[in-house]
Structure formats: C-alpha cells, structure tokens
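The values are calculated or read from the model by the stated rules, or taken from the named source; none is laboratory data. Everything numeric in this text was worked out from a predicted model, so none of it was measured. A quick note on method: Cβ atoms are made from the backbone with ideal geometry, for glycine too, and the neighbour counts reach across all protein chains shown.
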Amino acid sequence: MTSHQNSRYKIATRTAPFQESVIREMTRLGDETASVNLSQGLPDFDSSLDVLEAAVKAIRNGDNQYTFPFGTPSFREAVAARCNRYNHISADPEAEVTITCGVSEAIMSAILALTDPGDEAIILEPWYENYVPCCLMAGVRPRFVPLREPGYTFDHDELQAAFNDRTRLILINTPHNPTGRVFSHAELSTISRLCQTFDVIAVTDEIYDQILYDGHNHVSIGSLEGMHDRTVTISGLGKTYAVTGWRVGWAIAAQPLTAVIRKVHDYLTICAPAPFQAAGIVALGLPEAYYTDMGAQYAARRTILLDALDAVGVPYCKPEGSYYVMADFGNVEWDQGAYSNPDWTTDRAFAEYMAREIGVAVVPGSSFYEGNDQGTSRVRFNFAKRENTLREAAKRFQRLRIR
C-alpha cells in the first residue's frame with residue numbers, strides 16, 4: 001500500500017455550519033414522488049415569446065462568447081433605465097451597474113466585496129436560505145432580527161439593538177421570500193436612519209419587485225434620502241420574466257461600491273450568459289401591458305392556492321407580494337411516526353409526508369430560520385404555476401385530514 005493511500009485529506013471547515021439547499025432538495029423529492037412541485041420558486045410556464053425568440057436570435061447570430069465581465073453596454077443601459085424608471089434610483093450604466101449570474105451571485109459578490117472576516121451582517125428572520133451561507137463563507141457573522149407574526153413586522157428597538165460597531169451590512173428582501181411581506185416606506189425609512197447612524201451598507205434583494213397585490217407598492221431603499229451611496233440594489237430577469245434558468249441578475253450601487261463588487265464578480269463567474277443579456281434588453285423593453293397582465297395572472301394564481309388552503313382549513317399569512325405562502329400545518333392529522341428521522345425537524349418530516357402521501361412538494365419552514373426550533377409548524381408553498389397545476393394541487397389537498 002502506497003503512502004498516499006494511508007493519508008487523510010484535510011477538508012476545509014467553511015462549509016460545516018450549513019447544509020445543502022433544502023429548497024432544491026425538495027424539488028428532487030417532488031420529482032422522485034411525482035408530486036406537484038410547489039416547493040422551489042421556478043415557474044412551470046414560459047416567458048413572453050418575444051423574449052424567448054430574442055435569445056434564440058442572439059445564439060444564432062453568434063452572440064455566444066464572453067462579454068465584458070460586468071455586462072454588455074447595451075444591457076447595462078437597459079438595466080439603468082429600468083432602475084431609474086421603476087426603482088427611482090439614478091444609476092450610471094458605465095460605473096454603477098454590474099450584470100451578474102443571477103441574484104444569488106450578486107449577493108455573494110456584494111458580501112465578499114464589502115466585508116472582512118469578523119464583520120457582522122444583520123438579517124431579518126425568516127430569510128431566503130442563501131443569505132446565511134453567503135455570510136458564513138465570507139467569514140461574516142449573521143445577526144438575526146425577527147419578523148414577528150402574524151404580520152411579519154420587525155420591532156424598532158430589536159432592530160436598533162442589532163447594530164453595533166462591527167455591523168457592515170444589513171440584508172433586506174422586499175417583496176419578501178418566504179413570507180410575501182412588502183416592506184413599507186416607513187419600515188424602510190427606519191432601516192435607512194439606522195444605516196446612516198451606524199455607517200452600514202444596505203444590500204437589498206428586490207427580485208420580486210414587480211409582483212405585488214392588493215395595491216401594495218414597491219419601495220427601493222436605495223431611492224430614500226441619504227441611501228444612494230450606501231445601498232446595493234439587486235434584481236434580475238428570473239422571476240418577472242419567468243426565466244429562472246437563464247441566471248441573469250444585476251447589482252446597482254455607487255461607483256466605490258460597484259468597483260469592488262465587479263472585482264469579486266469577475267473572479268467568481270467572469271460574466272453572465274451573453275445571449276441572455278441580449279434577450280434581457282427585449283425583456284426590459286416590454287410594454288406596460290406585460291406587467292399589468294402578469295400581475296393579474298399572479299393574483300389569480302394566488303387566489304387558487306389560498307382558496308384551496310381555506311377549503312381544507314390550513315391557516316396562512318396572505319402574501320402582499322412575491323409568489324410564496326407560509327402556511328401552518330399544526331392542525332393537520334398525519335402519521336408523524338411513519339416519517340420519524342433523527343436528522344429531521346417536524347416540518348422536514350411533514351414535507352416528506354406531503355410529497356409521499358399527499359403528492360405535493362413543499363419547503364419546510366425551519367429552513368428559513370436559524371436553529372431548529374423555529375418554523376417547525378410551517379411550510380412554504382410556491383404559486384408560480386399554471387392554473388391547472390395549482391388546481392391539481394388543490395385536489396390533492398383534499399387528502400389532508402384536519403383536527
């Protein structure tokens with residue numbers, strides 16, 4: 001036996017505090033069980049034909065090589081124009097816009113660029129599951145501030161207490177995943193004042209900013225007074241245009257912040273896909289009727305899912321934006337013993353039950369919280385689905401037994 005066969009590889013410990021994505025795991029479970037996939041936030045319908053044809057045309061026209069690392073000039077101009085028009089943030093496409101491989105990469109690039117190991121980042125809890133691993137890989141300590149039920153609002157004093165001289169960032173997500181909250185102008189103004197008092201940068205994930213209900217309006221914290229130079233506004237094509245697999249996002253920030261974000265982005269991914277940037281110009285140029293129609297369709301999808309939950313007696317928090325519903329399964333009768341696993345929380349076991357017995361894939365609520373004692377009677381549903389998909393899920397909900 002050679003010496004190298006006796007050796008043990010030393011594995012880095014940076015990934016030890018977190019696990020593989022639970023959301024993506026639930027999609028695999030759904031596929032395995034032939035469930036209706038209401039777990040991962042991917043639509044089961046296509047984007048506008050004009051957008052799809054633009055991508056095909058770009059590929060056929062040879063738009064298949066690297067772009068500038070921070071994106072093609074024409075696409076950056078389209079993003080800057082959209083940001084000025086919709087988010088009310090003025091951005092120089094040459095110096096303040098970075099095109100990334102999706103929102104997740106933009107968040108990772110921003111955290112790596114704007115923090116040092118030992119810094120802290122404030123995260124409103126529950127949170128989209130990528131935020132914490134991004135912080136931990138950067139050596140940044142997450143500091144959690146709860147969003148209190150039933151309305152998923154934060155307490156001013158609790159938020160202020162989280163800020164200190166080690167705080168470098170606060171991560172914001174509005175409209176919110178997983179709760180569907182749309183943070184108000186007043187709530188964002190509170191965050192803004194604290195950022196300016198403690199010299200903290202806001203990194204804001206606004207990927208669902210066009211998906212709103214019941215008259216709620218989207219406010220970008222970067223548009224508030226005093227926040228232009230200390231906000232990274234992140235969004236992308238995936239959700240609004242139903243092209244999650246294209247992996248095209250952007251980060252908009254003042255030049256000093258953009259300069260360092262671009263350096264990290266360059267070495268992480270080089271550039272976003274060239275043909276999809278070209279198609280993105282068409283997407284961002286769609287007429288207002290596209291957004292009106294999209295909003296109406298999402299409202300109808302939301303109604304189908306909420307009516308289905310009402311019909312079986314499962315309570316939930318009605319979403320104000322995005323396309324997720326957090327529901328409480330505490331009154332559901334189910335054979336927990338049949339799905340006992342020492343590595344699973346109650347909600348993870350219930351997700352297994354939902355897939356295998358009910359035929360609907362969901363996301364366990366605890367995956368959006370720190371520790372295993374929160375969210376354990378909650379699951380998240382995604383309604384970015386065709387109406388017939390949601391109606392099939394509604395039929396399967398009838399198998400649930402309520403106490």
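Observations on the structure shown:
- Of the residues PRO342, PRO315, the single one that is closer than 25 Å to THR153 by Cα and either modelled with pLDDT of 95 or more or assigned by TED's automatic domain parsing to the domain that holds PRO17 (or both) is PRO315.
- Only residues that are under 28 Å from ARG262 (Cα atoms) and charged (D, E, K, R) were counted in the stretch 110-155, giving 6.
- Pairs where the first residue, in the stretch 66-89, is acidic (Asp, Glu) and the second is assigned to a helix (DSSP H, G or I), C-beta under 9 Å, 6+ apart: GLU77/ILE281
- For the stretch 354-373, filtering for residues that are crowded, with 18+ Cβ neighbours inside 10 Å and in contact with a helix residue (DSSP H, G or I) (Cβ under 6 Å, 6 or more places away or on another chain) leaves 11.
Condition check ((1) over 22 Å from TYR128 (Cα atoms); (2) out of contact with any Leu (no Cβ under 7 Å at 6 or more places or on another chain); (3) modelled with pLDDT of 85 or more; (4) crowded, with 19+ Cβ neighbours inside 10 Å) across all residues:
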position	(1), (2), (3), (4)
GLN19	no, yes, no, no
GLY30	no, yes, yes, yes
SER35	yes, yes, yes, yes
GLY41	no, yes, yes, yes
LEU49	yes, yes, yes, no
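- One residue alone among THR292, THR269 is hydroxyl-bearing (Ser, Thr, Tyr) and surrounded by fewer than 17 Cβ atoms within 10 Å (Cβ to Cβ), and that residue is THR292.
- For the stretch 151-176, residues that are assigned to a strand (DSSP E or B) and more than 11 Å from GLU125 (Cα to Cα) total 4.
- Whichever residue in the stretch 227-261 is β-branched (Val, Ile, Thr) and in contact with a strand residue (DSSP E or B) (Cβ under 7 Å, 6 or more places away or on another chain) and, among such residues, is nearest to ILE111 (Cα to Cα): ILE261
- The listed residues are ILE304, ILE207, ILE211, and the only one of them that is touching a Lys or Arg at 6+ places or on another chain (Cβ under 7 Å), assigned by TED's automatic domain parsing to the domain that holds THR389 and either on the phi > 0 side of the Ramachandran plot or buried (at least 17 other Cβ atoms within 10 Å of the Cβ) (or both) turns out to be ILE304.
- Among the residues of the stretch 262-275, the one identified as under 9 Å from SER109 (Cβ atoms) and either within 19 Å of the chain's Cα centre (by Cα) or part of a strand (DSSP E or B) (or both) is HIS265.
- Strands (runs of 3 or more DSSP E) contained in the stretch 73-150 and holding at least 2 residues touching a Cys at 6+ places or on another chain (Cβ under 9 Å) and under 19 Å from GLU206 (Cα atoms): 97-100, 120-125
- Residues being over 28 Å from VAL51 (Cβ atoms) and assigned by TED's automatic domain parsing to the domain that holds ILE123 are entirely absent from the stretch 234-247.
- For the stretch 45-72, filtering for residues that are part of a helix (DSSP H, G or I) and either closer than 20 Å to MET294 by Cα or not hydrophobic (A, V, I, L, M, F, W, C) (or both) leaves 8.
- Test: residue in the stretch 252-260 that is β-branched (Val, Ile, Thr), under 22 Å from the mean Cα position of the chain (by Cα) and closer than 23 Å to LEU224 by Cα: yes
- Among (1) touching a helix residue (DSSP H, G or I) at 6+ places or on another chain (Cβ under 7 Å); (2) not in a loop (DSSP other than H, G, I, E, B) - the single one ASP307 does not satisfy: (1)
- Here is the figure for the stretch 149-165: residues that are modelled with pLDDT under 95 and either surrounded by 14 or more Cβ atoms within 10 Å (Cβ to Cβ) or among the charged types (D, E, K, R) (or both) total 1.
Results for (1) exposed (fewer than 14 other Cβ atoms within 10 Å of the Cβ); (2) under 19 Å from LEU42 (Cα atoms); (3) in contact with a Gly (Cβ under 8 Å, 6 or more places away or on another chain); (4) among the hydrophobic types (A, V, I, L, M, F, W, C), shown as yes or no for each residue.
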site: GLU288; (1), (2), (3), (4): yes, no, no, no
site: LEU309; (1), (2), (3), (4): no, no, no, yes
site: GLN336; (1), (2), (3), (4): yes, no, no, no
site: TRP344; (1), (2), (3), (4): no, no, no, yes
site: ALA351; (1), (2), (3), (4): no, yes, no, yes
site: THR389; (1), (2), (3), (4): no, yes, no, no
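- Check on LEU42, among the aliphatic types (A, V, I, L, M) and in a loop (DSSP other than H, G, I, E, B): yes
- Checking each residue of the stretch 359-376 against the condition of being part of a loop (DSSP other than H, G, I, E, B), in contact with a Gly (Cβ under 6 Å, 6 or more places away or on another chain) and either in the same structural domain as PHE18 (by TED's automatic domain parsing) or modelled with pLDDT of 95 or more (or both) gives at least one match.
- Residue within the stretch 381-388 that is at pLDDT 95 or above and more than 23 Å from the chain's Cα centre (by Cα) present: yes
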